[in-house]
Amino acid sequence: MAKKFRHKEGLRLERGGELRELEIAYDTYGTLNERKDNVIWVCHALTANSDVADWWPHTVVEGGFLDPQKWFVVCANIIGSHYGTTGPLSPDPATGEPYYGDFPKVTIRDMVRAHILLSHHLGIEKLHALVGSSLGGFQAMEWALMEPERVDRLVLIATDSGVTPWAAGLNETQRMAIRTDVSYGQRDARAGIEGMKTARAIALLSYRGASGYNLSQSNPVDMEPYRHRVATYQTYQGEKLGKRFDAYSYMAILDAFDSHDVGRGRGGKEKALNGIKAKTLCISIPTDILFTTGDVERLARSIPGAEHKEITSEFGHDGFLVEHEQLNKILKSFLDKK
């Protein structure tokens with residue numbers, strides 16, 4: 001079960017206003033050594049939680065790149081999420097009732113500032129590595145820019161320095177799906193769930209892409225004509241998220257996703273990325289249509305001394321969740337390198 005950190009001073013937000021009460025759910029694996037220099041902080045993606053061992057199989061294991069016998073691995077749930085950190089279903093101190101749609105707008109930078117508070121609470125002085133995939137990469141980049149002297153290594157997987165029109169368009173299409181649910185806006189934890197199921201089905205198309213779908217969802221030879229196996233898969237994925245998440249949190253995180261631009265207030269992306277001092281490794285997936293290989297290569301070229309590696313996968317953007325053997329091989333070497 002996740003641990004909880006309560007920050008009583010609250011948190012002022014980038015877009016105005018504040019969270020008067022802040023609670024962060026987090027998990028740790030392994031032990032912080034005496035020198036306090038063995039910390040790997042994992043920043044999670046859109047609807048994941050702080051339990052890395054659960055959503056990133058075969059990584060938090062002996063011999064994995066997040067080996068708890070060697071590293072002190074930390075992952076904290078993001079603001080706005082459904083999994084224990086302050087979000088739309090948390091009580092608003094002003095009313096005592098859940099925020100629901102009144103939850104204030106948060107950005108990626110707000111999420112990182114909250115996790116910086118947690119890191120100090122945990123007595124962490126130096127981060128051996130920040131590891132982030134997708135929206136987790138957004139957070140890792142921001143942290144490396146906010147505290148460049150504190151981060152030794154930076155691992156950015158299937159991510160980018162800002163939100164492209166393509167990614168923003170996918171996000172808006174998901175919001176449109178949620179808003180078509182007439183229950184969305186009601187002060188109820190299950191409001192908008194049917195719309196969110198559709199939004200998730202839309203998102204899965206961009207996570208897996210044509211190669212992933214064509215590989216895993218082909219019709220059996222004896223299937224009834226004019227029906228497709230993939231129809232049940234889309235329904236299943238929507239139902240699956242509907243059982244574990246809520247539409248208000250989903251919308252809050254989509255909005256935060258669209259806030260991502262490392263160049264905002266820093267003179268543009270190129271100038272900002274030039275300020276990253278951490279040893280950086282960027283990893284792309286050729287079949288990823290959400291953050292393409294070209295996007296990741298461009299990101300690597302913009303960060304001083306950054307390396308670019310590629311993992312092969314038929315599962316598109318979700319390949320980082322599947323190809324643990326390739327990631328372990330690449331990342332163990334990068335994390336151990338002097």
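The values are calculated or read from the model by the stated rules, or taken from the named source; none is laboratory data. In this text, all values refer to a predicted model and were calculated from it rather than measured experimentally. Neighbour counts run over all protein chains shown; Cβ positions are idealised from the backbone, glycine included. Please note that ligands, DNA and RNA were not included when accessible areas were found on the heavy atoms of the full protein model with its side chains. Shrake-Rupley method; radii C 1.70, N 1.55, O 1.52, S 1.80 Å.
Hey, any hits in segment 133-153 for a residue that's surrounded by 22 or more Cβ atoms within 10 Å (Cβ to Cβ), in contact with a helix residue (DSSP H, G or I) (Cβ under 6 Å, 6 or more places away or on another chain), within 26 Å of residue 64 (Cβ to Cβ) and among the aliphatic types (A, V, I, L, M)? Checked against the condition, which is being surrounded by 22 or more Cβ atoms within 10 Å (Cβ to Cβ), in contact with a helix residue (DSSP H, G or I) (Cβ under 6 Å, 6 or more places away or on another chain), within 26 Å of residue 64 (Cβ to Cβ) and among the aliphatic types (A, V, I, L, M), segment 133-153 yields at least one hit.
Every residue, every condition in (1) hydrophobic (A, V, I, L, M, F, W, C); (2) modelled with pLDDT of 95 or more; (3) surrounded by fewer than 16 Cβ atoms within 10 Å (Cβ to Cβ), yes or no:
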residue: 3; (1), (2), (3): no, yes, yes
residue: 72; (1), (2), (3): yes, yes, no
residue: 76; (1), (2), (3): yes, yes, no
residue: 79; (1), (2), (3): yes, yes, no
residue: 85; (1), (2), (3): no, yes, no
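Here the helices (runs of 4 or more DSSP H) wholly within segment 161-276 that include at least 1 residues being in contact with a strand residue (DSSP E or B) (Cβ under 8 Å, 6 or more places away or on another chain) are 165-179, 193-216, 247-258, 269-273. From the residues in segment 39-63 that are over 16 Å from the mean Cα position of the chain (by Cα) and open to solvent by less than 10 Å² (accessible area, probe 1.4 Å), which one is farthest from residue 327 (Cα to Cα)? Checking each candidate, the answer is 39.
Only helices (runs of 4 or more DSSP H) wholly contained in segment 282-338 count here; list those with 2 or more residues that are free of Cβ contacts under 8 Å to residues at least 24 places away in the same chain, open to solvent by 60 Å² or more (accessible area, probe 1.4 Å) and of a type in the set (A, V, I, L, M).
Details: elements: 293-302, 319-322, 324-336.
Result: empty, no element qualifies.
Take the conditions (1) of a type outside the set (A, V, I, L, M, F, W, C); (2) within 24 Å of residue 68 (Cα to Cα); (3) surrounded by fewer than 23 Cβ atoms within 10 Å (Cβ to Cβ); (4) in contact with a His (Cβ under 8 Å, 6 or more places away or on another chain); residue 123 misses just one of them, which is (4). Only residues that are open to solvent by less than 30 Å² (accessible area, probe 1.4 Å) and of a type in the set (Ser, Thr, Tyr) were counted in segment 91-118, giving 2. Taking the numbered list (1) open to solvent by less than 10 Å² (accessible area, probe 1.4 Å); (2) out of contact with any helix residue (DSSP H, G or I) (no Cβ under 7 Å at 6 or more places or on another chain) in turn, residue 165 passes all entries but (1).
Number of residues in segment 69-116 that are assigned to a helix (DSSP H, G or I) and either touching an Asp or Glu at 6+ places or on another chain (Cβ under 9 Å) or not hydrophobic (A, V, I, L, M, F, W, C) (or both): the value is 11. In segment 37-68, of all residues being part of a loop (DSSP other than H, G, I, E, B) and among the small types (Gly, Ala, Ser), the one that is nearest to residue 207 (Cα to Cα) corresponds to 45.
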